[in-house]
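Some notes on the structure that comes next.
The values are calculated or read from the model by the stated rules, or taken from the named source; none is laboratory data. Just so you know, these numbers come straight off a predicted model, no measurement behind them. Here the Cβ positions follow ideal geometry from the backbone for every residue, glycine too, while neighbour counts run over all protein chains shown. These area figures cover heavy atoms from the full protein model, side chains too; ligands, DNA and RNA do not enter into them. Shrake-Rupley method; radii C 1.70, N 1.55, O 1.52, S 1.80 Å.
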Amino acid sequence: TPQESPGGELVFFWNNGLGPVKDEWSVNFFIVRGQGGLVTFVNEDLKLAIPFPLGGSGSGSTDLGDLKFVRVAFPKYLSRKPYYRTAALEVGGKTYPLETGQDLNEIAFKTLEDRMIRELSKSLLRLAVKQAAEQAVRNKNENLGALLSIAQAISEKADTRNWQTLPYSISYARVPLPAGQSTVSFKAWSPKESRVYTSDFQFDGQPGVNQFYLFHNLESLPLGQ
């Protein structure tokens, strides 16, 4: 709500914690062969059945040879919950709670969930290329093909690249400032208020001037907590 202030306004952004990190999980698929080189990767536990055209000649012939099942690696996020959960600013005897503007942790999980089918297709395509190369080598040299199979099993990894310095969430508050120098006190509380983080900032309030400030608490809980 717009309001007149003799020292303008302070827009204070609080970056809290750190965003999630990417890890990987693996899924076993059974291979069901169809006509014309069409195969279906099936996982009954996850209710997944993904058809994939691999080509080949003749009924039931594919580039996967005698392979019956495969393990495919996919990315997943691990949340790093922030140590401090709430925060507020105090100036001139008044308190201004910081409100969540963006939950980057939730966005990351939702984005990966929305991309999951595409990630599945990319991983299965990667697998198909590997298996086709392995089968071609086996046709020429069985021992070399076996070594290539072992190397490809070891190298089966999901893409776990991600931004690890983004905050868990971004909160903000708009604070009217008095004219001239003033102290703005920032306070952040851990769960059940067992610990309080405090820090003071100095601002020079000027009529009609909006000031912006960004502060980042990096403290996060260990993964899995």
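With respect to GLU113, determine if the residue is free of Cβ contacts under 8 Å to residues at least 24 places away in the same chain, closer than 30 Å to PHE30 by Cβ and under 23 Å from the mean Cα position of the chain (by Cα). Answer is yes for this residue.
Scanning the range 5-19 for residues that are open to solvent by 10 Å² or more (accessible area, probe 1.4 Å) and not aromatic (Phe, Trp, Tyr), we see that the one that is farthest from PHE203 (Cα to Cα) is LEU18.
Taking the criterion of being of a type in the set (D, E, K, R) and either exposed (fewer than 12 other Cβ atoms within 10 Å of the Cβ) or closer than 13 Å to TRP14 by Cα (or both), the residues of the range 172-196 that qualify are ARG174, LYS187, LYS192, GLU193.
Test THR165 against the criterion of being more than 30 Å from ASP23 (Cα to Cα) and either modelled with pLDDT of 85 or more or in contact with a Phe, Trp or Tyr (Cβ under 7 Å, 6 or more places away or on another chain) (or both), and give yes or no. It is false that THR165 is more than 30 Å from ASP23 (Cα to Cα) and either modelled with pLDDT of 85 or more or in contact with a Phe, Trp or Tyr (Cβ under 7 Å, 6 or more places away or on another chain) (or both).
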